[in-house]
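First comes the structure, then the notes that go with it.
The values are calculated or read from the model by the stated rules, or taken from the named source; none is laboratory data. Only a predicted model underlies this, so the values are computations on that prediction, with no experimental measurement involved. Every residue, glycine as well, gets a Cβ built from its backbone with ideal geometry; the counts of neighbours run over all protein chains shown. These area figures cover heavy atoms from the full protein model, side chains too; ligands, DNA and RNA do not enter into them. Shrake-Rupley method; radii C 1.70, N 1.55, O 1.52, S 1.80 Å.
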Amino acid sequence: MNFLKMFLFIFSIAYLTGCSEATSTPQYKYKEATEDGVALKSGKITVSNEEVMKGIESELFEAQMKVFDIKFNKAKQVLIEKLIAADPKSKSMTRDQYFEKFIASKVKVTDKEINEFIEERKIPKDRVEGNVKAKIVQFLKMQKKEEAVKDWLGEKTDGKPIEVFIKKPNRPTFDVKVGDAPTYGSPSAKVTIVEFSDFQCPYCAQGAKVITQLKKKYGNKIQVAFKQYPLPFHSQAKMAAVASMCVHEQNKSLFWKMHDEMFANQDKLSIKELKALAEKLGADTKKFNKCLDDKKYLAHVEKDIQEGKDIGVKSTPTFYINGQLVAGALPVESFSEIIDEELAK
């Protein structure tokens, strides 16, 4: 437990235990600031707003987005209810009846979709029993019903934009350098995505799939830079990161081939398997093996990790789209929204 977490834990315990007669407990007085940029003051010691904000940008954004989503989803729900009420076909029907008859009537889940879901998530077939299968069907139905609502809403609004006046929070932006990271795309691209990732992290494997989709969609309109951020509890991740840089020094395109193969086979990242993979991909095995055995790029990996810490990376994968922080393997649509905005500038 670091100092800050211990500090907050102690004060939370003190709060939960209630009042006491001790005079040593701190007293807080909430008031308007008399000095610009000051958040706390105790005697001659001050804590600035800038100091408070540093390092918590992503957490604040996530909290602000939760508030935005609550308001936006409620507004959308009310809009849907009003559109249903305005439809003459809704007379003498409840909203649920209308929904099932006119919005979700065609929603069905096929055996093929169930099997694809099982295979994609690598669920052992012997564990897919009646109850588990029913939950899978329920989940897939919910997804399809959400899509059905979107399609219906698009039809009801004639494809015209729905004006939203609820203010959306701005993503925190950081000064992120590409430096000597492996890249894809043109250095002169209008949009640069810098990714901090871990070859042993399953969420990063999902993030890699998103990046592949973005490469296909945008081509040379974007530049992608890959930064190493192996997590300490992934025992093979750091050497996998070194291995990726060892093939990168031989051939830039070889890096991306190695990148794709390692994410596709995260259970095969031992030193022996990394060497076999490099050979399979056509790397100069003598150079690669020496590079890996010497841990030639370990310092490069450590430098990437420190850079990530300095700019607020808390988990993997973390992306910066023209400096705008995107934490996690979000759907490709979330990335496209930001990319399209940047390309339109």
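Counting just the residues of region 32-82 that are surrounded by fewer than 14 Cβ atoms within 10 Å (Cβ to Cβ) and among the hydroxyl-bearing types (Ser, Thr, Tyr), which one comes out farthest from residue 313 (Cα to Cα)? If we take residues in region 32-82 being surrounded by fewer than 14 Cβ atoms within 10 Å (Cβ to Cβ) and among the hydroxyl-bearing types (Ser, Thr, Tyr), then 34 is farthest from residue 313 (Cα to Cα). Only residues that are among the acidic types (Asp, Glu) and open to solvent by 100 Å² or more (accessible area, probe 1.4 Å) were counted across region 89-135, and they come to 6. For residue 264, indicate whether it is crowded, with 21+ Cβ neighbours inside 10 Å and of a type in the set (Gly, Ala, Ser). So residue 264 fails the test. Of the listed requirements (1) over 23 Å from the mean Cα position of the chain (by Cα); (2) open to solvent by 20 Å² or more (accessible area, probe 1.4 Å), residue 143 misses just one: (1).
Based on what the data block shows, is residue 244 polar (S, T, N, Q), touching a Pro at 6+ places or on another chain (Cβ under 7 Å) and either at pLDDT below 95 or open to solvent by less than 30 Å² (accessible area, probe 1.4 Å) (or both)? In short, no.
For the condition more than 26 Å from residue 55 (Cα to Cα), in a strand (DSSP E or B) and of a type in the set (S, T, N, Q), residue 250 does not qualify. Count, please, the residues in region 224-251 that happen to be of a type outside the set (Lys, Arg) and in contact (Cβ under 8 Å) with a residue 60 or more places away in the chain. So the count comes out to 8. On the stretch given as region 288-297, residues that are touching a residue at least 40 places away in the same chain (Cβ under 8 Å) and either outside any helix (DSSP H, G or I) or open to solvent by 50 Å² or more (accessible area, probe 1.4 Å) (or both) total 3.
When restricted to residues that are of a type outside the set (Val, Ile, Thr) and free of Cβ contacts under 8 Å to residues at least 24 places away in the same chain, region 60-75 contains 5.
One residue stands out in region 22-71 among those that are modelled with pLDDT under 90 and β-branched (Val, Ile, Thr): the one that is nearest to residue 173 (Cα to Cα), namely 56. Within the set 151, 158, 126, the sole residue that is over 31 Å from the mean Cα position of the chain (by Cα) and part of a helix (DSSP H, G or I) turns out to be 126. Scanning region 290-312 for any residue that is small (Gly, Ala, Ser), farther than 30 Å from residue 120 by Cβ and in contact with a strand residue (DSSP E or B) (Cβ under 7 Å, 6 or more places away or on another chain) turns up at least one such residue.
Summed over region 150-169, residues that are under 24 Å from residue 59 (Cβ atoms) and either open to solvent by less than 100 Å² (accessible area, probe 1.4 Å) or modelled with pLDDT under 90 (or both) total 3.
For every residue, the table says whether it meets (1) among the polar types (S, T, N, Q); (2) closer than 30 Å to residue 60 by Cα; (3) assigned to a helix (DSSP H, G or I).
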residue	(1), (2), (3)
260	no, no, yes
286	no, no, yes
299	no, no, yes
316	yes, yes, no
334	yes, yes, yes
338	no, yes, yes
